[in-house]
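Remarks on the structure that follows.
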Amino acid sequence: MAEPLGAEFLALSSALAGRYSLERELGRGGMGVVFLARDVALDRPVAIKLLPPAQAALPDLRDRFLREARTSAKLSHPNIVPIFAVEEVGAFVLFVMAYVDGETLGDRIRRRGPLAPPAAARMLQEVAWALAYAHLRGVVHRDIKPDNILLEKETGRALVTDFGIAFAGTPSGLTGVGEILGTAQYMSPEQACGEPVDGRSDLYSLGVVGFYALSTRHPFEAPDTPALLAMHITKPAPPLASVAPGIPGRLAQAVDRCLAKSPAERFPTGEALGEAVAQTMAVAKETPTPIRLWMQRGEGARMLIGVWTGIGLFTVFVSLAGGHLPNIVQMAVMFGPAAGYGLYRAQYTQRVISAGYTLEDLRLALRERALQEKEELAFESAAEPSLVAKIVRKLTFAAFGVAAGSGLLLAIMPWSWDWMNMGGVLPALWTGFGLGTLGTLAGAGIGQAVPGRRLPPKDPLKALRVRMWSGRMGEWFTRIASIGMDRRALPAASAHRPTEIAIGLAASALFASLSKDTRKGLADLPDVLRRLEADAQTMRRRVDDLNEALASLGQDSVSGRSTAMAQGGDAAKAALAGQRDKARADLTATRDAAAARLASAVAALENLRLDLLRLKAGAGSLDELSANLTEARRIAGEIDAQVAGRIEVENVLRGDLSGDG
C-alpha cells in the first residue's frame, strides 16, 4: 500500500498545481521538508524545500529565509546544488532546487561505513571548492554536515546543499530542538559561542565531516548539547590518526588543521584546503602500505626456502628411485619450511583482505612492481659482476653438487651395509650433505645481494609469481586465506587503479567470458593487453618524471653555479637563461612525445576492450578485433623499442661517467 499523504503534501500540491507536480517526500528536518517534484514546463525532476509553516508564520524568520535563499540562488558552481527559484505561494515559503540522483554523505556512511581515503579526499576537495566559491561571494553556509552533502550516484561528485539557509533563525545557529544535537556535532567554537563567523567556521565544520567520514566517529561526544558545545569551545580535538590508523598522513594532517580552535590556525581559504587535499590524493595513487608490506614480507627467505625445497624434492625423487620411502621426520625437515612459509603468506594475505583490499588490488600491485623491476634489471644487466661474486657463485654450485651427490648416495645405498658404518663412509656422506646444503643456502643468500653473473634483463621467477597470482592459483589462495572472514563487514578500502589498468582488467574479464574456441583464436590477446598496460605505465611514469624536472627549472634557479657565474653580468645571465630555455624546450618535447605514446597505448587498450564488448554482444566480428590486435602489437613494439633505446643510452652514459671517474 502507498504511504498516506499528509495534509501538508496535499495543500502544497494544490498550491503548485500546473507548475510543479509533487511525487513524494524525500526528507524532513527541523528546518524544512524536501519533496521530489516535476517541473511541468521544463519536464525535469526538481527538489522543493518547504519552510515549516510554523516558522513561515514568523515575519522576521520568513523575511530572512527569503533574503538568504535568494542570495544563495545566485551561486553557480559544479559542487553546489543550484537553486532555480525562491517563492512565496500563499502561506507557503519554499525554494526549488536541482534534484540530485544519489544519497547524502550521512546516509552513505551509515549504510556502508567509513569512506576509503581516496574517496574521502575527493569529497573534501570538492566541498572545499564549493565553500571557497561561496565565501568569495559573501555567503557562509553555517551548517556543513554529512546530511547537507549529496553524493551523485553516477559520478560520485559531492554537492553542497542548503547554503545560507539552515541557520537563518538566530546568530548562534540553534534554530530548533530537532536540529540542536545534529548541528552541535559540527559547530565551530566561534559559532557555538554566538560570535560572528566567516568562511573558516565552515572549514572547521568540514573538518568534523572529514573526521567522521574517515572514522565514523565524531571528534567530540557528550550526553547533552551544552556539554558538547563546551568541548568544541575548550577541548582540543584528538588527532584523526589516533582513532583511524592507516589514514595517509597528509590527509589526517589536513583534517586536524581544520579542527584548530583558533580560526587563524586553520586553512585561510577553501582553495588552500583543496590544494592540501590534492597533495594527499597524489600520495594515495601509490601502492597502499598493507599491499606494499604484503609484497615485501618474506622476500629474503623466498629464495632460500626455494633452494631448500628443491634439494628436498631431489632427495625424495632419488630415494623413491632407490626403493626407499622417507619417513615423517625427514619429510618434515625437507618440506616444513615451505609449509610454514605458505601458512605465513596465507595469514598475511588475510590481513590485507581484512583491510578491505581485493585480489585485483594484489594483482595490480604485483604487476606494477614487476614492471619497475623489469626496468631496474634492464639497467643493471649491463653491469659486470666482481671477481669475488664470481668465485662465490662457483663455490655455491660446487656446494650444491656436494649436497646433491651425498644425498644421492645416501638414498640409493642400503644403510645396513656394515662396511659403510665401520669405515666411516656413512658419517662422511651425512657431513657432506649437511655442509653442502649450508654452503648452497649461504651462497644463494649472498648471490641475492651480490650476483655472480651478469643479470638477465628478465627475472623468470618473478614473472612466474605474477602469472600464478593472475590465474586460478591466486584465486584459490585468496579463497583459502579468506576462510572464516565476513566480507560484508570489511571496510571499503581501495587501491588506486590507473586508467590503463582499469581498462586492461575490464578487457581481460571480457576475454575470459568468451567461448573456448574464440579464446583459442585470440591466444596472444592477454599478452598484448599486459604489454600495453606495462607500456602505458612506463610512459605515465616517464611523463611524471619529466613534469617534475620541468617544475624544477625555475626562472631564477641558479643553484650549483659559482658566485662569479651568478654575478657575471648581463652576458652570463643571458647565457644561463638560454641554457634554461633550451633545457625546458628539450624536456617539454620529450614529455610531449611520452604523453603521445601513453595516449596511443591507452587508445589501443580501449579499442580492444570495445571490440571485445561488441563481440560479446554479438555486434562485432573477429576480423575487426584482429585488425585492432595487429595495430596494438605494432604500438607495443614501438614503445618497447623506445624504452629499450632509452635504457641503452642510460647505460652508455653510465659507462662514460664511470670511465671519467
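For the stretch 274-310, a tally of residues being surrounded by 18 or more Cβ atoms within 10 Å (Cβ to Cβ), over 19 Å from the mean Cα position of the chain (by Cα) and either closer than 27 Å to residue 540 by Cβ or modelled with pLDDT of 95 or more (or both) returns 0.
Listed here are the residues, each with its yes/no results for (1) under 30 Å from residue 527 (Cα atoms); (2) part of a loop (DSSP other than H, G, I, E, B); (3) in contact with a strand residue (DSSP E or B) (Cβ under 7 Å, 6 or more places away or on another chain); (4) modelled with pLDDT of 80 or more.
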| residue | (1), (2), (3), (4) |
| --- | --- |
| 411 | no, no, no, no |
| 434 | no, no, no, yes |
| 441 | no, no, no, no |
| 448 | yes, no, no, no |
| 454 | yes, yes, no, no |
| 463 | yes, no, no, no |
| 484 | no, yes, no, no |
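Table: residues versus (1) within 26 Å of residue 320 (Cβ to Cβ); (2) aliphatic (A, V, I, L, M); (3) at pLDDT below 75; (4) not in a loop (DSSP other than H, G, I, E, B).
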residue: 374; (1), (2), (3), (4): no, no, yes, yes
residue: 378; (1), (2), (3), (4): no, yes, yes, yes
residue: 388; (1), (2), (3), (4): no, yes, no, yes
residue: 394; (1), (2), (3), (4): no, no, no, yes
residue: 403; (1), (2), (3), (4): yes, yes, no, yes
residue: 406; (1), (2), (3), (4): yes, no, no, yes
residue: 422; (1), (2), (3), (4): no, yes, yes, yes
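The residues of the stretch 77-117 that are under 24 Å from residue 271 (Cβ atoms) and assigned to a strand (DSSP E or B), listed by number, are 80, 83.
So that you can scan it fast, the table gives a plain yes or no per residue for (1) of a type in the set (Ser, Thr, Tyr); (2) farther than 30 Å from residue 275 by Cβ; (3) in contact with a Leu (Cβ under 8 Å, 6 or more places away or on another chain):
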{"site": "19", "(1), (2), (3)": "no, yes, no"}
{"site": "28", "(1), (2), (3)": "no, yes, no"}
{"site": "57", "(1), (2), (3)": "no, yes, no"}
{"site": "82", "(1), (2), (3)": "no, no, yes"}
{"site": "98", "(1), (2), (3)": "no, no, no"}
{"site": "106", "(1), (2), (3)": "no, no, no"}
{"site": "111", "(1), (2), (3)": "no, yes, no"}
{"site": "120", "(1), (2), (3)": "no, no, yes"}
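Yes/no matrix, rows are residues, columns are (1) under 22 Å from residue 242 (Cα atoms); (2) at pLDDT 95 or above:
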position: 158; (1), (2): no, no
position: 167; (1), (2): no, no
position: 179; (1), (2): no, no
position: 201; (1), (2): no, no
position: 208; (1), (2): yes, yes
position: 220; (1), (2): yes, no
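Of the residues 589, 641, 603, only one is within 23 Å of residue 504 (Cβ to Cβ), modelled with pLDDT of 85 or more and assigned to a helix (DSSP H, G or I); which?
It is 603.
Taking residues in the stretch 464-476 that are in contact (Cβ under 8 Å) with a residue 24 or more places away in the chain, and partners anywhere that are β-branched (Val, Ile, Thr), not one pair has Cβ atoms closer than 8 Å while being at least 6 places apart or on different chains.
Residues in the stretch 139-160 that are in a loop (DSSP other than H, G, I, E, B) and without any contact (Cβ under 8 Å) to a residue 60 or more places away in the chain: 153, 154, 155, 156.
Can you tell me how many residues within the stretch 301-340 are in contact with a Ser or Thr (Cβ under 9 Å, 6 or more places away or on another chain) and in a helix (DSSP H, G or I)? Full working, then the answer.
So the first thing to find is which residues in the stretch 301-340 are in contact with a Ser or Thr (Cβ under 9 Å, 6 or more places away or on another chain), and the list is 307-308, 311, 325-326, 330, 334-335, 337-338.
Subset that is in a helix (DSSP H, G or I): 307-308, 311, 330, 334-335, 337-338.
Summing the residues that are in contact with a Ser or Thr (Cβ under 9 Å, 6 or more places away or on another chain) and in a helix (DSSP H, G or I) in the stretch 301-340 gives 8.
Residues in the stretch 12-36 that are in contact with a Phe, Trp or Tyr (Cβ under 8 Å, 6 or more places away or on another chain) and touching a residue at least 40 places away in the same chain (Cβ under 8 Å) were compared, and the one that is surrounded by the most Cβ atoms within 10 Å (Cβ to Cβ) is 12. Among the residues here, residue 63 does not qualify as at positive phi, without any contact (Cβ under 8 Å) to a residue 12 or more places away in the chain, surrounded by fewer than 19 Cβ atoms within 10 Å (Cβ to Cβ) and out of contact with any His (no Cβ under 9 Å at 6 or more places or on another chain).
The values are calculated or read from the model by the stated rules, or taken from the named source; none is laboratory data. Fair warning: this is a prediction, and the values are worked out from it, not measured in the lab. With ideal geometry, Cβ positions are generated from the backbone for all residues, glycine too; neighbour counts draw on all protein chains shown.
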